[in-house]
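The values are calculated or read from the model by the stated rules, or taken from the named source; none is laboratory data. Values in this document were obtained by computation on a predicted structure and should not be read as measured data. Cβ sites come from the backbone with ideal geometry, for glycine too, and all protein chains shown count toward neighbours.
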Amino acid sequence: MQSFEVEVKTLLGSEEKADALRNKLKVIDPAFKLLSKNKQLNHYFVGGTLDALVSKIKGHLSDIQFQKLEDMATRAVGVSVRTRNKDGEVLLVVKASVGGDSSANGVARMEFEEKVDLTLEQLDRVLLSAGFRYQAKWSREREEYRCKDINVCLDRNAGYGWLAEFEKVVESEGELAGARKAIDELMRECEMFELQQDRLERMFAFYNEHWPEYYGTEKIFTIE
């Protein structure tokens, strides 16, 4: 029922480095292609429980979606809950940690990402009624590519600048190690280095504290 994602980030910073990565991916895989381009608003929440959310969101999910979220609630150790507007499509996103990884930024996580028939503001109100509160609001422009059976997202994030995410989704926890190996191999070919978790957590914490200065803008900060 659950899907699992392995997602490794690398900080690019400038548009020139994003262009260089696109060119490397084209050379590595002749079948390399653009899957989508979109603009997103992402709202992150903290403070509530997944059990409370399951109760409040039930009437807005299909039976299959609800069963998946309910199952996740029984298995999750830590969760990161978000709402997303992707070019007008509204989604509920829940990431649950696997092992010792962070649910917000970890490499390996269970993932729930499902469309709901609500506006972003309405979905936010459901989460707020379940006891959650806003952690931060994020804006980004995303380009999603496919290279060697791996999704590569190039994001221009408010605050972070250009960031690349190498992602592979699998159907069982036992496939996570193989997915991570495939991502590591592609990143080596691209000469890309993983954004270390401790630095990523410092960037995440800084943004969460100062997000009103960056949300919806092109302003960038640097955290070592």
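Below are the figures for this structure:
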quantity	calculated
Tally of residues being touching an Asp or Glu at 6+ places or on another chain (Cβ under 9 Å), closer than 23 Å to GLU16 by Cβ and not in a helix (DSSP H, G or I) across the stretch 168-211	1
Complete set of residues in the stretch 26-55 that are out of contact with any helix residue (DSSP H, G or I) (no Cβ under 7 Å at 6 or more places or on another chain) and closer than 20 Å to ARG188 by Cα	LYS26, VAL27, ASP29, PRO30, ALA31, LYS33
Residue list for the stretch 159-182, filter: under 30 Å from TYR215 (Cα atoms) and among the β-branched types (Val, Ile, Thr)	VAL169
Boolean, GLY174 is small (Gly, Ala, Ser) and touching a residue at least 12 places away in the same chain (Cβ under 8 Å)	no
All positions within the stretch 39-61 that are touching a strand residue (DSSP E or B) at 6+ places or on another chain (Cβ under 8 Å) and over 19 Å from GLU121 (Cα atoms)	LEU50
Residue satisfying all of: in the stretch 173-224; among the small types (Gly, Ala, Ser) and either within 30 Å of ALA76 (Cβ to Cβ) or over 20 Å from the mean Cα position of the chain (by Cα) (or both); surrounded by the fewest Cβ atoms within 10 Å (Cβ to Cβ) among these	GLY174
Unique residue being crowded, with 17+ Cβ neighbours inside 10 Å, in contact (Cβ under 8 Å) with a residue 60 or more places away in the chain, aromatic (Phe, Trp, Tyr) and farther than 25 Å from GLN65 by Cβ when the list is TRP162, TRP138	TRP162
The stretch 205-219: number of residues that are within 24 Å of VAL152 (Cβ to Cβ) and modelled with pLDDT under 95	1
